[in-house]
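*Asks:* Sharing a structure, written as C-alpha cells. Questions coming.
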C-alpha cells in the first residue's frame, strides 16, 4: 500500500512541509508518523522560524483517515493506536516552537479538518470546503474536536458534526474563524503565504515563541485528553454499526 510522502524545503528561515498521498491526500498511520516526526525536527532547528504546511496536488487538501486502515482495525488497541496518529500530529503542532501556517487548496474531511485547525494561521482557496463525516460512520470527531472547537467554538463544531454529510464552504469556514483569509485561486493564496511567512521570518524568534505559547494557553492537558479521545474512537470503530457502514463503502 502506498504510504505517501513528506517533503521539506527550507529557504530563508521558512520551512515548507508538503505531504502527499494518491488517495486525495488521505492520512495512513505511516504518513502521520512521518509528518509528526518532521514537525518535531523542524521545531528544533535554529535555521527555521516559520513552517508552512501544505499538501500536494491542486485538488483535495486532505481526505482524513485512511479508509483501508479503518476497515482493517480489528482490536481496540489497534484502533486507539491508529487514532493516536492524529492526536500526536495535533500535539506536535501545538507544542512546536515555530509558527505553523496552513495552506488549504481544496476540500478537507475529518482528520484533515483537524489538521488545518491545529495550524496557528490558515489560508485557503474558495475550493476549501470542510466536512466532518465521522458521525455518519459511527465514530465521531473525538480526537480533533479540541483543535476544531478552539478555532470555531462549540456551536460551529456541533453544526459540522451533526451535519455530517454536508459540505461547509470556505466562506463559512472564514466566517467561523477556521480560515484567516480566502483567495480565488492557489496562486494568490501561495503569494499571500510567501509574503506573510517572509515577514514572520524577519521578526524576533523569541517574541514569536512566547506569543505562540499565548495562542495555546489552556491546552497543556491535551496530551492526556487526546489520548483519551483516541481510545473512544478506537472502541467505536469496532462497533457493528461502523463495520457495516465501512463494508458498504468498500463494496
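*Asks:* Please work out if residue 244 is in a helix (DSSP H, G or I), surrounded by fewer than 17 Cβ atoms within 10 Å (Cβ to Cβ), modelled with pLDDT of 95 or more and over 20 Å from the mean Cα position of the chain (by Cα). Quick ask: steps written out before the conclusion?
*Replies:* On the way: in a helix (DSSP H, G or I): yes; surrounded by fewer than 17 Cβ atoms within 10 Å (Cβ to Cβ): yes; modelled with pLDDT of 95 or more: no; over 20 Å from the mean Cα position of the chain (by Cα): yes.
Judged against the criteria, residue 244 is not a match.
*Asks:* What helices (runs of 4 or more DSSP H), lying completely within the stretch 51-133, carry at least 1 residues that are touching a helix residue (DSSP H, G or I) at 6+ places or on another chain (Cβ under 8 Å) and surrounded by fewer than 22 Cβ atoms within 10 Å (Cβ to Cβ)?
*Replies:* 67-72, 76-95
*Asks:* For the stretch 35-50, how many residues meet the condition of being free of Cβ contacts under 8 Å to residues at least 12 places away in the same chain and either part of a helix (DSSP H, G or I) or surrounded by 18 or more Cβ atoms within 10 Å (Cβ to Cβ) (or both)?
*Replies:* 2
*Asks:* So, residue 15, is that one crowded, with 24+ Cβ neighbours inside 10 Å and part of a strand (DSSP E or B) or not?
*Replies:* Values: crowded, with 24+ Cβ neighbours inside 10 Å: yes; part of a strand (DSSP E or B): yes.
It is true that residue 15 is crowded, with 24+ Cβ neighbours inside 10 Å and part of a strand (DSSP E or B).
The values are calculated or read from the model by the stated rules, or taken from the named source; none is laboratory data. Not measured: the values here are computed from a predicted model. Neighbour counts run over all protein chains shown; Cβ positions are idealised from the backbone, glycine included.
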